[in-house]
Amino acid sequence: MNQLPDKGRVLCQGHIDSVTFVPAERTAEFSAIVSETGTGRPGPGPDRNNPARLRIVWLGRRRVPGIEAGAEIRVEGMLARGKDMPTIFNPRYEIMSRQENE
């Protein structure tokens, strides 16, 4: 994700840091923040103190099954540069793994 273009089709993999639900009176939208996989691990790679982040947004949905904090996900879609972070709307996705509750 550190090498994301300004726009265009991208394929990224990372873990979900957080999800956002909107109130029932607002237009349906479900979003999540994804951080690059591999952050927090020793060795060369992305800046572990400032991981690359990406917002993924599903318009017209209040929930997406399997999309929850801690899940590892691969997403593909058209990248748009938002004012605060890169965003993919209505991405294709594959859940790679989920964090188990202890």
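Overview of results
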item: Test result for Arg81, more than 11 Å from the chain's Cα centre (by Cα), within 14 Å of Asp17 (Cα to Cα) and among the basic types (Lys, Arg); result: no
item: Every residue from segment 81-95 that is assigned to a strand (DSSP E or B) and surrounded by fewer than 18 Cβ atoms within 10 Å (Cβ to Cβ); result: Arg81, Phe89, Arg92, Glu94, Ile95
item: Among the residues listed as Gly66, Gly70, Gly77, the single one being under 11 Å from Val10 (Cα atoms) and either in contact (Cβ under 8 Å) with a residue 12 or more places away in the chain or part of a loop (DSSP other than H, G, I, E, B) (or both); result: Gly77
item: Matching residues, segment 25-70, being out of contact with any Cys (no Cβ under 7 Å at 6 or more places or on another chain), aliphatic (A, V, I, L, M), over 14 Å from Ile95 (Cα atoms) and modelled with pLDDT of 90 or more; result: Ala28, Ile33, Val57, Leu59
item: Qualifying positions in segment 12-31 - exposed (fewer than 12 other Cβ atoms within 10 Å of the Cβ) and among the β-branched types (Val, Ile, Thr); result: Thr20, Thr27
item: Inter-residue pairs, beta-carbon under 8 Å, first free of Cβ contacts under 8 Å to residues at least 24 places away in the same chain and part of a strand (DSSP E or B) and in segment 12-23, second surrounded by 13 or more Cβ atoms within 10 Å (Cβ to Cβ) and of a type outside the set (A, V, I, L, M, F, W, C), 6+ apart; result: Thr20/Ser31
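The values are calculated or read from the model by the stated rules, or taken from the named source; none is laboratory data. Bear in mind that the values here come from a model prediction, so they are computed numbers and not experimental data. Neighbour counts are summed over all protein chains in view; Cβ atoms, including those assigned to glycine, are modelled from backbone coordinates with ideal geometry.
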